[in-house]
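The values are calculated or read from the model by the stated rules, or taken from the named source; none is laboratory data. The structure presented is a predicted model; accordingly, all values stated were derived computationally and were not measured. No Cβ is skipped: glycine too gets one built from the backbone with ideal geometry, and neighbour counts run over all protein chains shown. Just the protein is used for accessible areas: all its heavy atoms, side chains included, with ligands, DNA and RNA removed. Shrake-Rupley method; radii C 1.70, N 1.55, O 1.52, S 1.80 Å.
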Amino acid sequence: MPSEVERVELPRALGGLCGLLADRQQRVRDDARAVLVSVSKELGPAYMPYVCNVLRATLPDRGFTAHVVGYTLHAVLEAVVGHLVAGRRKARALAAANAQAAAAAAAGGQQGGEDEDLLLAGAGGEGSDDEEDEWRAADTPGGGAAAKAAAGAGKGAAAPAEEPIPEGLLDDALPLALPLIANEIFGEVAEAKEVAQFANNYKEAKKVRGYESYMLLAASVSFGSCMESLLELVRCRLHLASSPSVRNKLSQLLQHAARGVHANPTARAVPLAVWVHGSLGGGLGREEAARERARAAVGGANSDSADKRGGAKVAAIGTVIQATVAGVGKAKRTQLSPEDAAGLHEWLGGGFAL
């Protein structure tokens, strides 16, 4: 249809479908989601911003519809780019396995040839050429088998040609999709998913799909221009990582992001190495600075307590530096700034970079 008609009619059509996702009946939501997924797949990645905008505008971030948003976003992303990402990961894994098998076969063949030369030298080189060829094929340790394995590796299951993934498929959709993922993982939606009674009432609330959506985004955005924006979802919550539940969620996000980057065609060797170097250097610098300020805070608390009580025992616990006065059992707490608290957990980002 003409572009001017499309700008008017497409949001209206998508809005009608998303409106049905707010229905209380599971069957109605499933049918509406299936149609939305089919439409989105037909439109392609360029129209993902439309879909994200309509989802945010139509479905409120409260009640059961908040779970529907995250579930539907993942279903759409999986349909639009999921097959491309899965195909690329499978092709890379198979190519790596074939390369490893070929290397092992070559190493076995080389070792077998060396053993054969030693045996022939000890026997004085006696025997006909036919006997020698037969001996080569049957008795050489690893020789004949290695040759057959090498031939099989060369003629057999070759890595399928990777389906090309256009670069920057979801660059425009990234800033619109990240708030939906953040709300599902860290917002009230995540708390409700942890309540078994609520989760059993709605299919969309049984599992967090935000991690898989995050992986698909990491695999489909431009590495050089969008990686920092993608990781901001984690970095802006590093100061809360002293909580085990938050730290576990951040760790899972980074693990899924790493899988996505591995399948990202724009994460080439040189830009990846440059980014890793800069990320590790900056993260280590911020962590060391935060540790120095934390030690200074502990020293100040220790000095004050010693002056008043005659001694103190100091321990760092998460984001709080606690000085416990010996013999009294009371404690003086010095709250770290959000910047220092985030700096103490920069190791999470370092693990992702490595």
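Report yes if some residue within the range 274-287 is among the basic types (Lys, Arg) and open to solvent by less than 50 Å² (accessible area, probe 1.4 Å); otherwise report no. Quick ask: steps written out before the conclusion?
Residues of the range 274-287 that are among the basic types (Lys, Arg), as a first pass: 286.
After this cut, where a residue has to be open to solvent by less than 50 Å² (accessible area, probe 1.4 Å) as well, the list is none.
No, the conditions are met nowhere in the range 274-287.
Tell me whether the range 230-240 contains one or more residues that are in the same structural domain as LEU73 (by the TED database) and surrounded by fewer than 16 Cβ atoms within 10 Å (Cβ to Cβ). Steps first, answer last, please.
Here is the first cut: in the range 230-240, the residues in the same structural domain as LEU73 (by the TED database) are 230-240.
Among the residues that remain, those that are also surrounded by fewer than 16 Cβ atoms within 10 Å (Cβ to Cβ) are: 232, 236.
Yes, there is a match, as at least one residue in the range 230-240 is in the same structural domain as LEU73 (by the TED database) and surrounded by fewer than 16 Cβ atoms within 10 Å (Cβ to Cβ).
In the range 247-271, which residues are in a helix (DSSP H, G or I), farther than 15 Å from ARG235 by Cα and open to solvent by 60 Å² or more (accessible area, probe 1.4 Å)?
ARG259, HIS262, ALA269, VAL270
Name the one entry in ARG291, ARG286 that is touching a helix residue (DSSP H, G or I) at 6+ places or on another chain (Cβ under 9 Å), at pLDDT below 80 and part of a helix (DSSP H, G or I). First the steps, then the outcome.
Details: ARG291 fails: at pLDDT below 80.
Of ARG291, ARG286, the one residue that is touching a helix residue (DSSP H, G or I) at 6+ places or on another chain (Cβ under 9 Å), at pLDDT below 80 and part of a helix (DSSP H, G or I) is ARG286.
Look through the range 46-98, keep the residues that are open to solvent by 50 Å² or more (accessible area, probe 1.4 Å), of a type outside the set (A, V, I, L, M, F, W, C) and over 21 Å from GLY19 (Cβ atoms), and return whichever of them is modelled with the highest pLDDT.
Ranking the candidates gives GLU78 first.
Given the residues ALA34, ALA107, which is the only one that is in the same structural domain as SER220 (by the TED database), without any contact (Cβ under 8 Å) to a residue 40 or more places away in the chain and open to solvent by 50 Å² or more (accessible area, probe 1.4 Å)?
None of the others qualify; the one that does is ALA34.
Being open to solvent by 30 Å² or more (accessible area, probe 1.4 Å), out of contact with any Cys (no Cβ under 8 Å at 6 or more places or on another chain) and within 17 Å of GLY82 (Cα to Cα) narrows it down to one of LEU43, LEU20, so name that one. Give the derivation first.
Working: LEU20 fails: within 17 Å of GLY82 (Cα to Cα).
Testing whether each residue is open to solvent by 30 Å² or more (accessible area, probe 1.4 Å), out of contact with any Cys (no Cβ under 8 Å at 6 or more places or on another chain) and within 17 Å of GLY82 (Cα to Cα) leaves just LEU43.
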